[in-house]
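**Student:** Here it is, the structure, as structure tokens.
The values are calculated or read from the model by the stated rules, or taken from the named source; none is laboratory data. Computed from a predicted model, the values in this text were never measured in an experiment. Neighbour counts run over all protein chains shown; Cβ positions are idealised from the backbone, glycine included.
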Amino acid sequence: MSRRRFVDIDSRTYNLDPEKIEAAITPRTRAIMTADTFGQPADYDRIQEIAVRHGVALILDAGHPSAPNTNGGAPARTGWPRYSASWPAAR
């Protein structure tokens, strides 16, 4: 059975704080799920580095990506698995 662990946000961007993601990973962690908040891109470079280092999947919510990611590319166009949120603001 899977269980969610919630991680706090970066108060500047309202996205997951990569430092707090690192601290929340356990040997049972299988994936990191993140989302852009109100069009602000998450720090995918750092989050992907953490996922690779720990051997876990990175899954992103493609419901809000209106701004480019930290490398200037659209996050939803990456090869990472993604899903669309059912949250009303994502429509």
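**Student:** Would you please name the residue that is farthest from N15 (Cα to Cα), looking only at residues in segment 39-53 that are in contact with a strand residue (DSSP E or B) (Cβ under 9 Å, 6 or more places away or on another chain) and in a loop (DSSP other than H, G, I, E, B)?
**Tutor:** Once the filter is applied, the top-ranked residue is D43.
**Student:** Determine whether segment 31-38 contains at least one residue that is surrounded by 15 or more Cβ atoms within 10 Å (Cβ to Cβ), touching a Ser or Thr at 6+ places or on another chain (Cβ under 9 Å) and either free of Cβ contacts under 8 Å to residues at least 60 places away in the same chain or not in a loop (DSSP other than H, G, I, E, B) (or both).
**Tutor:** Yes, some residue in segment 31-38 is surrounded by 15 or more Cβ atoms within 10 Å (Cβ to Cβ), touching a Ser or Thr at 6+ places or on another chain (Cβ under 9 Å) and either free of Cβ contacts under 8 Å to residues at least 60 places away in the same chain or not in a loop (DSSP other than H, G, I, E, B) (or both).
**Student:** Only one of these is at pLDDT below 85, more than 20 Å from S11 (Cα to Cα) and among the β-branched types (V, I, T): T29, T78. Name it.
**Tutor:** T78
**Student:** From the list G73, G63, which one is part of a loop (DSSP other than H, G, I, E, B), in contact with a Ser or Thr (Cβ under 9 Å, 6 or more places away or on another chain) and at pLDDT below 90? First the steps, then the outcome.
**Tutor:** Details: G73 fails: in contact with a Ser or Thr (Cβ under 9 Å, 6 or more places away or on another chain).
None of the other options fit; the residue is G63.
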